[in-house]
1. So in the stretch 187-203, with the set limited to residues that are touching a residue at least 40 places away in the same chain (Cβ under 8 Å) and within 17 Å of residue 139 (Cα to Cα), which one is surrounded by the most Cβ atoms within 10 Å (Cβ to Cβ)?
2. If you check every pair at least six apart or on different chains, which have Cβ atoms under 8 Å apart with a residue in the stretch 5-25 that is part of a helix (DSSP H, G or I) first and a residue that is among the charged types (D, E, K, R) second?
3. When you look at residue 307, is it touching a residue at least 12 places away in the same chain (Cβ under 8 Å), among the aliphatic types (A, V, I, L, M) and under 18 Å from residue 130 (Cβ atoms), yes or no?
4. Select, from 19, 48, the only residue that is crowded, with 19+ Cβ neighbours inside 10 Å and within 22 Å of residue 163 (Cα to Cα).
5. Which of the residues that make up the stretch 105-120 are surrounded by 15 or more Cβ atoms within 10 Å (Cβ to Cβ), among the basic types (Lys, Arg) and without any contact (Cβ under 8 Å) to a residue 60 or more places away in the chain?
6. Mind listing whichever residues of the stretch 130-158 are farther than 22 Å from residue 24 by Cβ and of a type in the set (A, V, I, L, M, F, W, C)?
7. Out of everything in the stretch 56-87 that is within 22 Å of residue 266 (Cβ to Cβ) and among the polar types (S, T, N, Q), what residue ends up being surrounded by the fewest Cβ atoms within 10 Å (Cβ to Cβ)?
8. Out of all the residues in the stretch 216-243, which are among the hydrophobic types (A, V, I, L, M, F, W, C), outside any loop (DSSP other than H, G, I, E, B) and crowded, with 17+ Cβ neighbours inside 10 Å?
Amino acid sequence: MKTIIFLFIVLYIYIFSLLNALFLMTPVFALNKLNKDTGFIFKNILYLSISFVLKHFLKIDVYVNSNELVKQMFDEQKQIFLIQNHFTEIDYLFQIYLFGNMRNMYRALSYKFANVAKKFVGNAFLGVGIHSMLSNDLYLIRDINIDNKVIGQKYDYDMIYMFPEGTCFNHETRLKSNNYVKQNNLVKFKYHLYPRLTGLLLLLKKNKNLRTIYDLTVVYDTIPKKIFGEKFKLQDFFYKFEYPSRVYINIQKYKIKELAVIQEQLEHIYTNKDNFVKNFNPNQNNFEIVKFNNFLTLSCFTIFNLIGLYSFNLLFNFGFVKKIYFLEIIFYLIYFNFFY
């Protein structure tokens with residue numbers, strides 16, 4: 001039954017995020033020319049809606065070592081750099097879940113949050129991809145010359161979020177990482193890949209206000225340490241693995257030191273992350289359930305569904321809307337893949 005619910009929720013988010021995105025794409029694209037922050041409003045409504053769905057439909061509870069650190073993370077007045085470990089293809093959802101902690105609606109909707117992700121994500125999940133494009137997320141294609149042009153710019157986001165490991169931890173990627181570590185005499189981790197430094201250093205060099213790291217280490221009640229290294233793809237949670245009921249997030253805050261020693265600092269951070277995963281017991285811990293703003297998330301969930309239903313109605317009752325939506329998808333795929 002949980003598998004069916006999870007599949008239904010994934011399809012619902014995929015379809016309704018696309019319906020929202022197609023309805024909003026043209027006006028928001030135009031409004032972004034006047035105010036480049038317009039796209040954040042609707043991406044944040046999407047994220048807060050997903051947060052509501054995870055909490056109240058999938059019944060997932062998220063526990064943190066400190067609610068105060070969650071509050072600080074979203075209340076910071078300076079730019080912050082948010083990093084996370086990467087065990088599964090659903091890890092990203094639980095950073096989104098934390099958005100439900102935000103207290104102030106204006107702050108929540110205007111918050112300038114940027115993802116650093118692979119372009120594959122924007123192509124595979126069209127609705128999320130369109131929202132991301134409209135809010136100027138940072139997409140990479142694993143071409144160092146092109147990616148450095150994306151990373152090597154100054155940005156004014158409140159938060160930049162990335163997985164420094166670059167890909168999911170599994171037996172195959174761990175072997176490649178360990179070979180690289182051995183060849184370069186670096187620190188080897190048991191539950192993490194060695195973080196990639198080139199893009200990260202360039203980002204920090206160009207964005208001198210980005211001097212605080214919030215580090216998330218996420219573990220799941222349904223993924224015991226003995227099966228770490230398995231590939232946990234999104235579709236695997238439809239039939240192979242049970243999606244989590246309890247998610248534990250260890251949050252640590254660090255001040256970024258001089259760039260000359262950032263590699264050593266990251267090794268220290270990842271050593272702490274590795275030790276946390278090694279020693280953490282989901283059945284015996286002092287973590288607390290994350291505080292959740294039900295009014296804010298329900299309000300955004302309602303707006304998200306009203307726009308989605310209205311868009312659906314337009315799509316199936318007006319032939320010209322079908323043509324507009326089709327052209328928008330073509331425009332998005334061309335613009336996103338060749339000009340963005």
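1. 203
2. The qualifying pairs are 22/328; 25/328.
3. The answer is yes for residue 307.
4. Sole residue among the options that is crowded, with 19+ Cβ neighbours inside 10 Å and within 22 Å of residue 163 (Cα to Cα): 48.
5. 118 - this is the single residue of the stretch 105-120 that is surrounded by 15 or more Cβ atoms within 10 Å (Cβ to Cβ), among the basic types (Lys, Arg) and without any contact (Cβ under 8 Å) to a residue 60 or more places away in the chain.
6. Just the residues of the stretch 130-158 that are farther than 22 Å from residue 24 by Cβ, to begin with: 140-156.
Across the stretch 130-158, the qualifying residues are 140, 141, 144, 146, 150, 151.
7. 72
8. If the condition is that a residue be among the hydrophobic types (A, V, I, L, M, F, W, C), outside any loop (DSSP other than H, G, I, E, B) and crowded, with 17+ Cβ neighbours inside 10 Å, then 216, 218, 219, 228, 232, 237 are the ones that fit.
The values are calculated or read from the model by the stated rules, or taken from the named source; none is laboratory data. Just so it is clear, the structure is predicted and the values come from calculations on it, not from any experiment. Don't worry about glycine lacking a Cβ; one is built from the backbone with ideal geometry, like all the others, and counts go over all protein chains shown.
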